């Protein structure tokens, strides 16, 4: 009997490897052998089965955040890692704080936002490579890209962090004549401005302005950087001066605004110059320097006429009127205000119409021309009614009511003073018909016809005043 | 009578060597419960740990006495547990201490004991076993690396060499890998495991891969190490610096010098910050209470022995590398020298501190660095010289 040769079995390598390790295998395998086999099996699995390499397994097991960090570190990007790690810690801390404040918080954890992590990885590592080679411009660009990416309300603080980093880097860039530095100053200014630290913001904007002076740099949207600097600086100065005016530090406010208008003049932008003049005029007005205010505001008016800018012209006239009013030159003021009303009406600036009419009404009211006053107040009121601006409507309503009441008071008192029967009759009939509200008879000979009309208007008035009876009663 | 005859032992009972688990031929006469395969192992165990725990082993390895009541039985069991736990800690610390002192051979038996008691108390798959595994792996690994280092006199040579010399240390690598695989498996199975343990595991795995010249994987493990250490201690902690240092070594070996350079800088900065803080605290205290009872202030690094040893090793290696490129960047060399000076000063090793300070000073003079820099070094030097006036009793 011949023994058959053993069947040539072709086993895949993995099974043959595994077979050797089966518990029934006769010989005891030394440990070093086992470890070597383990390496072989690992290698075999890695080569022959897609998605089973150690790293891929790790990618499934670990959070995306960890994978990103490990990827950074294994390629030696330790600075990126440190930065990302610090940001993530802060992120968690902020989330925690938000959670303590309210049960409902919207900020998702960073692990669940792989897009953001990818961006971090991409830009931070590129920045680090550039930094290692000393290409600070590239570093700046990458960091700036990150700042732009996080430019939304939710991640403001991340953006701010990268603006600060950009600022540090920008100071190392010398080749471009300071363009990047200027930009970084601009961003820092914005940062401080948003934070409400106006003095610091102004400092950065000043540097920004100084660096861009006389340069023709443009930003990515094609605007001149210098112009941008002027605008931001003026805005900051204005906010600063507003604060000072609130605290009655007129001198400082005016000096800042003078600086602002000088900068505006250098900026070669008429509109900006006009703006600066306007605010300077207002500051002078608040400080009580009426003459200076007038000259400044006149200059503003002139600029506006040159530019054919009716809106600012209206504003100029309004401000001038206010100065004149404070000076007591009412007729002049009235003239200007009438111009304002006209201009605004032509440009459909209803709010301006309301304001100007109210001022006009006020002036007339003070001077005792109640008819005129109520006429303008009525105009204001009608305009607000059209605008359906409730708070403003209420306000003008009150003004209108006061003027109307003043108007009527004269006649009523006339009746009372005349003390004859006819007048008494009128008064009585008025009282009977209108228990709540004063109703207006008219003086003198032409009583009848005017009475009719007044009845009508007062009816009209009463309807309007229904919502507001208390105030009106008090005033009358 | 040290010798026993395996054939004379009752059937079914196998006596194993304490160190290698082969069948035993000798017994310790002091406790009579510990067996060895030969004189070599007995001696090794005695030197390492047995001398200290010989008598403590007796109650653990003899059967419990007969207790009359359940209460007593419970009490006896509890006592036994306590003893084992005590021994776990004791052996672990002893092993650690040997490791710091560089006596890797001695550390192994002690660590093995710790591991064995841990298995008894916590079971085979407990996370508690991991520290012991790591310690054993470290002992084997460090032993191997030191073996090479002694041959090449610098850790760098290990990394630059393309072929690992086939020496006896290679067996150690297998050993280390075995322990590490055990540790990794245990960690993998357990759900809760501290970041610090993860970090330690990955660092050892990284070192293992480095020893096997598998730099790709070594980088992966070291990256993990840094990540976990950062989670546990923060990115700027001295306990994280080790990961950075090894990673830097890999890049240095791969000849990516700029990368290695930034990493070495990072390591030096971490240590500088830490030591400088301690140094400042010390000098503050000195200024505030000068002449008060002529009291001398304890210099304190705030580090334990292992960390001190690690600090010295890391910083001297960085110094070697910096010195090799000293012409280009003397500032970096001086920076490392200053850190070393502070370290030795705080460790109250004034002669070493003075040596390094002199080196820094001379280098600064040679390279004509700014006055400010020279002055700070001069200051340090003066301080150390003043300290040496009062030798430590």
Would you calculate a helix-derived [θ] at 222 nm for chain B, using -39,500 (n - 2.57) for each DSSP H run of n ≥ 4 and dividing by the full residue count, to the nearest 500?
-24000 deg cm²/dmol
Roughly what would the spin-label model give for residue B:193 and residue B:13, points 7 Å off Cα along C-beta, in nm?
3.9
Label-point separation in nm, residue A:291 to residue B:120, each point 7 Å along Cα→Cβ:
10.6
I'd like the projected area of the stretch B:1-63, averaged over all directions, using the convex hull of its alpha carbons. Report it in nm² with one decimal.
4.3
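Kindly rank A:63-70, A:418-425, A:289-296, B:28-35 from highest to lowest mean number of other beta carbons found within 10 Å of each residue. Please list the in-between numbers first.
Values: A:63-70: 20.5, A:418-425: 11.1, A:289-296: 18.2, B:28-35: 16.5.
Output ranking for A:63-70, A:418-425, A:289-296, B:28-35: A:63-70, A:289-296, B:28-35, A:418-425.
Just want the ordering: B:37, A:148, from fewest to most Cβ atoms lying within 10 Å of their own Cβ. The partial results should precede the final answer.
Numbers: B:37 19, A:148 11.
Ordered from fewest to most neighbouring Cβ atoms within 10 Å, B:37, A:148 come out as A:148, B:37.
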Using alpha-carbon coordinates, inclination of helix B:371-388 to the longest axis of chain B, degrees
50
Over the C-alpha atoms of the stretch A:307-348, what are the Rg and the largest Cα-to-Cα span, Dmax, in Å?
10.2, 30
Rank the residues A:352, B:45 as a footprinting-exposure proxy: fewest other Cβ atoms within 10 Å of their Cβ go first.
A:352, B:45
Going highest first, how would you order A:380-386, A:335-341, B:123-129 by mean Cβ packing within 10 Å?
A:335-341, A:380-386, B:123-129
By how many nm would the segment from residue B:323 to residue B:371 grow when fully extended, if each residue of separation counts as 0.36 nm and the alpha-carbon distance is taken off?
15.1 nm
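Place the peptides B:212-222, A:227-237, A:154-164 in order of packing, highest mean first, counting for every residue the other Cβ atoms within 10 Å and averaging per peptide. Let's see the in-between values first.
Details: B:212-222: 19.5, A:227-237: 22.6, A:154-164: 17.7.
In decreasing order of mean packing, B:212-222, A:227-237, A:154-164 become A:227-237, B:212-222, A:154-164.
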Quick one, what does Rg over Rh come out to for the stretch A:349-434 if you take C-alpha atoms and the Kirkwood Rh?
1.13
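Residue by residue through B:225-236, how many Cβ atoms from other chains fall within 10 Å of the Cβ on average?
On the way: counts 2, 9, 11, 3, 0, 7, 4, 0, 0, 4, 8, 3.
Partner-chain Cβ atoms within 10 Å, mean over residues of B:225-236: 4.
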For the Cα atoms of chain B, what angle does the longest principal axis make with the long axis of helix B:350-366, in degrees from 0 to 90, nearest 10?
30
Any idea what % of Cα-Cα pairs in chain B are farther than 40 Å?
29
Between the stretch A:46-94 and the stretch B:185-239, what is the C-alpha centre distance in whole Å?
13
Pairwise centroid distance, computed over Cα atoms, of the stretch B:310-346 with the stretch B:1-76, Å
50
Could you calculate the FRET efficiency of residue A:210 with residue B:276 from 1/(1 + (r/R0)^6), where r is the beta carbon distance between them and R0 is 25 Å, rounded to 0.05?
0.10
Could you work out the Rg to Rh ratio of the stretch B:169-236, with Rh taken as the Kirkwood radius (inverse of the mean 1/r over all Cα pairs)?
1.00
With a point put 7 Å past each Cα toward its Cβ, work out how far residue A:45 is from residue A:394 in nm, to one decimal.
7.4
Quick check on the exposure proxy: order A:77, B:335 from fewest to most C-beta atoms within 10 angstrom.
B:335, A:77
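Across peptide A:134-147, what mean number of C-beta atoms from other chains lies inside 10 Å of a residue's C-beta?
Details: counts 0, 0, 0, 0, 0, 0, 0, 0, 0, 0, 0, 0, 0, 0.
Per residue, the number of nearby Cβ atoms from other chains is 0 on average.
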What is the angle, in °, between the Cα long axis of helix B:129-152 and the longest principal axis of the Cα atoms in chain B? Nearest 10 is fine, range 0 to 90.
50
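How shielded is A:74-83 by partner chains, expressed as the average number of their Cβ atoms within 10 Å of its Cβ atoms? Kindly include the intermediate steps, with their values, before the conclusion.
On the way: counts 12, 5, 14, 3, 13, 3, 0, 6, 7, 1.
That works out to 6 on average.
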Cα gyration tensor of the stretch A:61-197 diagonalised, 5x eigenvalues square-rooted, in angstrom largest first, produces semi-axes 27, 21, 10
Computed E for residue B:101/residue A:156 - FRET, C-beta separation, R0 45 angstrom, nearest 0.05:
0.25
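The numbers here are math on the coordinates, done by the rules we state, and not lab data. Bear in mind that the values here come from a model prediction, so they are computed numbers and not experimental data. Here Cβ is always computed from backbone atoms with ideal geometry, including for glycine, and neighbour counts include all displayed protein chains.
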